[in-house]
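These notes concern the structure reproduced below.
Values in this text are rule-based calculations from the coordinates and carry no lab data. From a predicted model like this one, the values you see are computed outputs, not experimental measurements. Here the Cβ is made from the backbone with ideal geometry for all residues, glycine too, and neighbour counts use every protein chain on show.
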C-alpha cells in the first residue's frame, strides 16, 4: 500500500505505476496550501520549511510518495542549469 502523509489527500495529483509498489504523487505547492489553510498564522516560508524537514526529505521505504514541483519547461530547464 502506498504511503500517504496524513492530511494531504487534496494535494494528490496522480500515481506512479512504473513499478511496484505504486507510489502516490503529490504537488508540493498544493501541500503548502493545505498547511497554510490549517494554520492562519503560519507564514509561507515556514510551511515550506516544515514540509521539507518533516515530509519531503524523509525516507520510509520504497513506497514513499513522490513530491513534485510543477513548472513550465523553461522553469524546469532554468532550475536544472
Where labels lie 7 Å past Cα in the beta-carbon direction, separation of residue 20 and residue 59 in nm: 2.4
Proportion of all alpha-carbon pairs of the chain beyond 20 Å (%): 39
Full-stretch length increase - residue 3, residue 30 - with 0.36 nm per residue and alpha-carbon distance subtracted: 8.0 nm
